[in-house]
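Here is the structure we will look at, set down as structure tokens.
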Amino acid sequence: MAASDGKELTMSRAMVDAIAHEMRESDDVFVMGEDIADYGGIFDSTQGLLDEFDHDRIMDVPISETAFIGAAVGAAQSGMRPIAELMFVDFFGVAMDQIYNQMAKNTYMSGGSVSIPMVLMTAVGGTYNDAAQHSQTLYGTFAHLPGMKVVVPSTAYDAKGLMHAAIRDDDPVVFMFHKRLMGIGWMPAPEGPKTAVPDEDYTVEFGEADVKREGEDVTVVTLGLHVHRAIEAAEELTGEVDAEVIDLRSLVPLDTETIVESVSKTGRLVVVDEDYRSFGVSGEIIARVAENGLSDLTAVERVAMPDTPIPYARPLEQEVNPGTDNIIEAVRSVNDE
């Protein structure tokens, strides 16, 4: 399963490599979810694991998110390190008691007598016409609720490193992967998420954003799919505006320092988010910059999903989902101020 040194992998393959490595290292690591065994995950998030680890450790479960996420919480409290896949993040509602009142809180509620070393892995994002119940990102929903670490990879390299770190962490980690970045045949990925990935294990530390492109004029802060759209926008603006693109990678903890340092250099901020505009990540980023470096901030824009259910019709979904052109327009707008 492992790639040779420096071999380019899709994001799904990199995630599987990390999971397989951790399962070989410890019998306490196992995976459970819907269609993750024989099918390999509908977004290839567990493809090939069954061949090596069998059904005892790669477990298909009945369609009851409440039941299997609750079982994962119990297993984690008992000393195991489960990875539970919530097939679509949109399905969080039927299991929110297990996620937030159990997974996120039980260490606190027990006075620290138990830890919950589990990963809740879930697919996010739209762009493929699956309508309002299968196309949300909901980054802000999970980041808002204390007790869970939240990570969002945008490349294969980051996905592998973040997955290693997530499985080894003694706290619950929500691992949110964008469907469009996984590199599956029926949903082509943009340029960028398929990267060289070391054969050996490594970790990407939580709370460390990555400057994917350096620039002097405007800071663009984003995550997931829109890292690649922001880079594309920045490249199209070459010679007109020099945009710096920051990939958050981790929402909880959040690397405020890297964002503030960039804005102190550029003076202008654009935040791009596929989540809903109101009460979310975009507002939080702007608030932190205002709290820590307001005097440096000349202009700010946010580019996000409007506060409406995501349309099924392709033209309508494309209209509401922030695109490269929307980012270019926002960067030009703040640069002109």
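Here the dipole of the chain is about 600 debye; that uses its Cα centre as origin and unit charges on the Cβ of Lys and Arg (positive) and Asp and Glu (negative).
Over the stretch 150-296, the fraction of Cα-Cα pairs per 10 Å bin, rounded to whole percents and listed from the shortest bin up, is 12, 40, 36, 12, 1. Near Gly280: Cβ cut-off under 12 Å, other residues only, Lys/Arg at +1 and Asp/Glu at -1. The net charge is -3. Taken per residue, the accessible surface of the stretch 1-92 reaches 40 Å², heavy atoms only and a 1.4 Å probe.
Tally up the carbon and sulfur contribution to the accessible surface of the stretch 111-258 as a whole percent, 1.4 Å probe, everything protein left in place. Of all accessible area on the stretch 111-258, carbon and sulfur atoms account for 45 percent. Taking the 0 to 90 degree range and rounding to the nearest ten, how far is the long axis of helix 324-335 tilted relative to the main principal axis of the chain, both from C-alpha atoms? Taking the Cα atoms of the chain, the angle to 324-335 is about 50 degrees.
Peptides 42-52, 286-296 ranked from most to least packed, by the mean per-residue count of other Cβ atoms within 10 Å: 42-52, 286-296. Accessible area per residue (1.4 Å probe, heavy atoms of protein chains only) ranks Asp170, Asp199 as Asp170, Asp199, with the largest value leading. When Ser135, Ser78 are compared by accessible surface with a 1.4 Å probe, the order from highest to lowest is Ser78, Ser135.
For the stretch 69-178, the mean projected area of the C-alpha convex hull, equal to one quarter of the hull surface, is 6.6 nm². Computed from Cα positions, the angle between helix 11-25 and the longest principal axis of the chain comes to roughly 40 degrees. Ranked by the mean number of other Cβ atoms within 10 Å of their residues, highest first, the peptides 218-225, 29-36, 147-154 fall in the order 218-225, 147-154, 29-36. Per residue, the convex hull spanned by the alpha carbons of the stretch 125-180 comes to 78 Å³.
Adding -39500 (n - 2.57) for every DSSP H run of four residues or longer, then dividing by how many residues the chain holds, sets the calculated 222 nm ellipticity at -10000 deg cm²/dmol.
Cross-link reach is defined here as a Cα-Cα straight distance under 27 Å, omitting same-chain residues fewer than 8 places apart; for Lys179 the lysines meeting it are Lys7, Lys149, Lys160, Lys194, Lys212. In this simple spin-label approximation, Asp170 and Glu236 carry label points 7 Å from Cα along the Cα→Cβ vector, and these lie 4.8 nm apart. Taking Lys and Arg as +1 and Asp and Glu as -1, the other residues whose beta-carbon sits under 13 Å from that of Phe43 total -2. Once the Cα atoms are used to define both axes, helix 281-293 deviates from the longest principal axis of the chain by about 60 degrees. Subtracting the Cα-Cα distance of Ala196 and Tyr128 from their residue separation scaled by 0.36 nm leaves 21.9 nm. Look at the dipole of the chain built from charges on Cβ: of Pro62, Gly293, Gln318, the Cα furthest out on the positive end belongs to Pro62. A Förster radius of 30 Å combined with the Cβ-Cβ distance from Arg288 to Thr66 puts the calculated FRET efficiency at roughly 0.30. Here the spin labels are modelled as points 7 Å beyond Cα on the Cα-Cβ line, and at Asp54 and Asn101 they lie 3.8 nm apart. Once both labels are positioned 7 Å from their Cα atoms along Cα-to-Cβ, the gap between Glu337 and Ser78 label points is 5.5 nm. Computed 3J(HN,Hα) for the stretch 179-191, one whole-Hz value per residue from the Karplus formula 6.51 cos²θ - 1.76 cosθ + 1.60 where θ = phi - 60°, is 4, 5, 9, 6, x, 8, x, 8, 9, x, 8, x, 5, glycine and proline marked x. In terms of packing, defined here as the mean over residues of other Cβ atoms within 10 angstrom, the peptides 200-210, 258-268 line up highest first as 258-268, 200-210.
Look at the alpha carbon pairs under 8 Å that are at least 6 residues apart: their mean separation over the length of the chain gives a relative contact order of 17 percent. Under the criterion of Cα pairs below 8 Å and six or more residues apart, the relative contact order for the stretch 45-167 equals 23 percent. Phi angles across the stretch 226-242 convert, under the Karplus curve 6.51 cos²θ - 1.76 cosθ + 1.60 with θ = phi - 60°, into 3J(HN,Hα) values of 7, 4, 6, 5, 5, 5, 4, 4, 4, 5, 5, 8, 3, x, 10, 9, 9 Hz, Gly and Pro given as x. Residues in the stretch 159-174 carry Karplus couplings, in order, of 4, 5, x, 5, 5, 4, 5, 5, 5, 7, 6, 8, 10, x, 10, 9 Hz; the curve used is 6.51 cos²θ - 1.76 cosθ + 1.60 with θ = phi - 60°, and Gly or Pro positions show x. Could you check how many percent of all C-alpha pairs in the stretch 257-302 are farther apart than 15 Å? Beyond 15 Å sits 34 percent of the P(r) for the stretch 257-302.
Overall size of the stretch 278-337 from C-alpha positions, given as principal axis extents largest first: 43, 26, 11 Å.
The values are calculated or read from the model by the stated rules, or taken from the named source; none is laboratory data. Model, not experiment: these values are computed from the prediction. For neighbour counting, all protein chains shown are included, and Cβ atoms are generated from backbone atoms with ideal geometry for every residue, glycine included. Ligands, DNA and RNA are stripped out before the accessible areas are found, and what is left, the full protein with its side chains, is counted by its heavy atoms. Shrake-Rupley method; radii C 1.70, N 1.55, O 1.52, S 1.80 Å.
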